[in-house]
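Only the coordinates and a few stated rules stand behind these numbers; no lab work does. Just so it is clear, the structure is predicted and the values come from calculations on it, not from any experiment. Because the Cβ atoms are built from the backbone with ideal geometry, glycine has one as well, and the counts that use them run over all protein chains shown.
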Amino acid sequence: MRSVSNASLARDFNLIEAVESGNVIGARQCLSDGASPNVRKVVTLTVNTGRWDRTSGPPRTDTSEGESALALAILYGQVDMVSALLEGGSDPNIAIGWQISGLDPWTTENWNKSRWEANWSYPSALALAVGRAGRVTNAEAKPITNWQSDAQSSFKFRINKRGGTPKVVNPSLNADRLLEVSLTPKIEIVTLLIRHGASVSEEILEGTRTLKDRKIHDLLQGHRLGELERQRQRAEEELARRAKEEVARMVESSVELIVSDLRGQLETLEEKLDTQTAHYEHQLKLLHHEIANLKIQLANSTLKQQVIPPTPIKQVRLVRLPYTPREGDEIELDIGQEVFVHLEYVDGWGRGLNVTTGVLGFFPMDCVSETAIGTTTLSVAQRTASLDRPVVNANERSPTPPALPVRPPRIVFSPGRAEVGKR
């Protein structure tokens with residue numbers, strides 16, 4: 001694992017050295033071999049503070065990340081190198097920065113306070129390429145006015161010494177710690193950065209108004225307008241997406257409420273249905289019980305009817321009411337006919353022979369006289385005064401006998417017979 005890590009670091013630092021020497025082919029080879037396209041220098045500062053503090057002890061050492069490969073290619077104005085790095089994966093929107101060490105006297109206080117004297121920072125590779133929107137500050141984050149002015153007006157930059165891992169030991173002169181390079185903003189480099197997705201901020205665009213090459217400003221302005229339009233479209237799409245999600249959430253919430261309400265109504269209906277079902281089941285049980293009782297009563301009534309035998313009459317009686325048969329076992333009766341009554345049942349029906357027609361069958365007992373023919377004895381009064389009375393009206397001498405009363409229908413049934421009133 002250690003050898004792999006060392007090999008990876010070696011490829012990264014070789015890429016830095018290829019950029020500084022302008023070796024585009026070597027840089028492409030490093031990238032092809034796996035070097036990081038965003039690699040930065042690693043600067044090591046070593047100082048013997050005991051020399052100034054008059055104390056003994058080992059030297060103090062610190063490291064800091066320096067310029068990136070893309071920053072170096074831009075500062076050196078290497079168009080082909082910038083193209084190779086961008087094609088290899090360098091990110092044009094990563095912030096660019098590096099530190100420059102301080103100078104003697106290297107007391108412990110100075111070491112702790114300002115061993116890295118200057119901090120260069122740019123928001124992106126594009127900002128560095130046009131020399132705008134950069135900051136140069138000291139260890140206390142205060143501007144280093146002269147260095148920042150040089151960068152803004154004359155495009156003069158201070159960078160670390162050459163090499164992927166430069167070492168700075170007890171620096172006392174600028175030559176011990178840095179190099180000075182002059183930047184020339186190039187539209188070719190700016191175009192490459194734009195093509196690979198560099199963002200154009202308002203600060204960068206405004207800063208390019210003072211450049212000698214107006215084409216750079218025009219290019220960035222057109223890109224900025226397009227970028228703003230794309231941002232607007234993305235914002236609208238994002239707004240539409242959020243609105244859609246909100247609508248979907250509201251619909252889902254509404255559906256959940258509706259489903260919950262319907263579920264509650266369904267549960268209420270189920271409870272009512274269960275209650276009604278239980279009520280009807282109870283009523284059905286009562287009805288079954290009542291039917292069972294009625295069956296028992298009917299059985300008892302039938303049993304009683306079956307126990308009561310018909311009464312033998314064996315008399316000839318006179319028909320006083322006509323009757324038309326309704327069943328096949330019944331006989332027809334006409335007023336004045338004679339009927340031999342054999343049996344009388346408790347339900348008011350009799351069985352016998354119509355002597356006149358010779359037909360045997362059942363008939364209502366109310367249709368025949370209550371006594372046998374010839375059994376009724378009438379006493380005749382001796383005529384006295386009526387013999388001397390003149391006859392005024394024949395009806396007075398032979399009055400019509402009163403009609404026999406109709407016997408009410410019986411409510412007791414015989415086997416196979418219905419009520420007389422219902423027949």
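What's the FRET efficiency of Phe155 with Lys244 using the Cβ-Cβ distance as r and R₀ = 56 Å, to the nearest 0.05?
Values: r = 49 Å, r/R0 = 0.88.
Computed FRET efficiency for Phe155 and Lys244: 0.70.
Under 19 Å from a label point 7 Å along Cα→Cβ of Leu318: give me every residue in segment 336-362 with its amide N that close.
Those under the cut-off are 336-342, 353-357.
Rounded, prolate or oblate: pick one for the chain, where a ≥ b ≥ c are the square roots of the eigenvalues of its C-alpha gyration tensor, a/c under 1.5 means rounded, and failing that, prolate if a/b is larger than b/c, else oblate.
prolate
What does the extension gain come out to for Glu229 and Lys295, with contour length at 0.36 nm per residue minus their alpha carbon separation?
On the way: separation 66, 0.36 × 66 = 23.76 nm, distance 9.47 nm.
The span from Glu229 to Lys295 would gain 14.3 nm if fully extended.
Could you compute the net charge surrounding Leu318? Neighbours are other residues with a C-beta less than 14 Å from the C-beta of Leu318; K and R count +1, D and E count -1. All intermediate terms of the calculation are to be shown ahead of the outcome.
Details: positive: Arg317, Arg320; negative: Asp334, Glu338, Asp366, Glu370.
Once all neighbours under 14 Å are counted, the net charge is -2.
Can you figure out the FRET efficiency of Thr145 with Asn38, using R₀ = 30 Å and their beta-carbon distance, to the nearest 0.05?
0.45
List Asp104, Asp366, Asp274 from most exposed to least, where exposure is judged by having the fewest other Cβ atoms within 10 Å. Present the calculation step by step, with values, prior to reporting the outcome.
Working: Asp104 15, Asp366 21, Asp274 10.
Least crowded to most crowded, the residues run Asp274, Asp104, Asp366.
Let me have the relative contact order for segment 222-373, percent, based on Cα pairs under 8 Å that are six or more residues apart.
16 percent
Report the full-extension gain for the segment Leu103 to Thr63: residue separation times 0.36 nm, less the Cα-Cα distance, to one decimal in nm. Present the calculation step by step, with values, prior to reporting the outcome.
On the way: separation 40, 0.36 × 40 = 14.40 nm, distance 1.56 nm.
Between Leu103 and Thr63, full extension yields 12.8 nm more.
Determine the shape class of segment 2-201: with a ≥ b ≥ c the square roots of the Cα gyration tensor eigenvalues, call it rounded for a/c under 1.5, and otherwise prolate if a/b is greater than b/c, oblate otherwise.
Values: a/c = 2.45, a/b = 1.42, b/c = 1.73.
Oblate, since a/c reaches 1.5 and b/c is not below a/b.
I need Ile204, Ile258, Ile100 ordered by Cβ neighbour count within 10 Å, fewest first. It would help to have the intermediate numbers written out before the result.
Details: Ile204 21, Ile258 10, Ile100 25.
Exposure proxy ranking, most exposed first: Ile258, Ile204, Ile100.
For a footprinting-style exposure proxy, rank Thr208, Thr55, Thr137 by other Cβ within 10 Å, fewest first.
Thr55, Thr137, Thr208
Figure the gain on full extension for Glu256 and Val79 (residue separation times 0.36 nm, minus the Cα-Cα span) and round it to one decimal in nm.
Full extension of this stretch gives 57.6 nm more.
What pairs from Lys113/Lys156; Lys113/Lys167; Lys113/Lys142; Lys156/Lys212 go past 23 Å between their alpha carbons?
Working: Lys113/Lys156 26 Å; Lys113/Lys167 20 Å; Lys113/Lys142 13 Å; Lys156/Lys212 16 Å.
Those over the limit are Lys113/Lys156.
Given axes a ≥ b ≥ c from the Cα gyration tensor, I'd like to know whether segment 323-376 is rounded (a/c under 1.5), prolate (a/b larger than b/c) or oblate.
Verdict is oblate for segment 323-376.
Could you check the spin-label model distance between Val169 and Glu332? Points 7 Å from the Cα along Cα→Cβ, value in nm.
Output for this residue pair reads 15.7 nm.
Any idea what the relative contact order of the chain is, in percent, if you count C-alpha pairs under 8 Å spaced at least 6 apart?
In percent, rounded to a whole number, it is 10.
Compute the signed sum of charges (Lys and Arg +1, Asp and Glu -1) over the other residues within less than 13 Å, Cβ to Cβ, of His289.
Around His289, the surrounding residues sum to 0.
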